[in-house]
Amino acid sequence: MFASVIVPTRARPEKLARALASLLAQECEDWEALVVDDGAGEGIEVARGLGDARVSAIASPGEGQVDARAAGIRRAGGRLAR
């Protein structure tokens, strides 16, 4: 099962780094992480700094968590399990 993990973030690079480290430590490797930086910019640098092709970064114009999540959902490639 391929999963998309959407991680909205804004000006919390340390917490984002810990969250992504936890994701990378999982046994399941069939996922993608979409880090949606909601205006601050640090999230994009943290995501790119990991050097893992499964982690990508999306810039969002700073309109809040709901819009950031929606931007991630639009780009998600995972399948929805029912």
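What the table shows:
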read-out	value
Selection count where residues are free of Cβ contacts under 8 Å to residues at least 12 places away in the same chain and either closer than 11 Å to Trp31 by Cα or of a type in the set (Asp, Glu) (or both), scope the range 53-80	1
Index of the failed condition, Val36 passing every other in (1) surrounded by fewer than 16 Cβ atoms within 10 Å (Cβ to Cβ); (2) of a type outside the set (Ser, Thr, Tyr); (3) without any contact (Cβ under 8 Å) to a residue 40 or more places away in the chain	(1)
Candidate set: the range 19-48, residues that are closer than 13 Å to Ser4 by Cβ and not hydrophobic (A, V, I, L, M, F, W, C); chosen: the one modelled with the highest pLDDT	Glu32
Failed item in (1) surrounded by fewer than 17 Cβ atoms within 10 Å (Cβ to Cβ); (2) touching a strand residue (DSSP E or B) at 6+ places or on another chain (Cβ under 8 Å); (3) over 19 Å from Arg12 (Cβ atoms), with Gly62 passing the rest	(3)
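The values are calculated or read from the model by the stated rules, or taken from the named source; none is laboratory data. Predicted model, so just to flag it, every value in this text is computed and none were measured. Cβ atoms come from the backbone with ideal geometry, glycine included; neighbour counts cover every protein chain shown.
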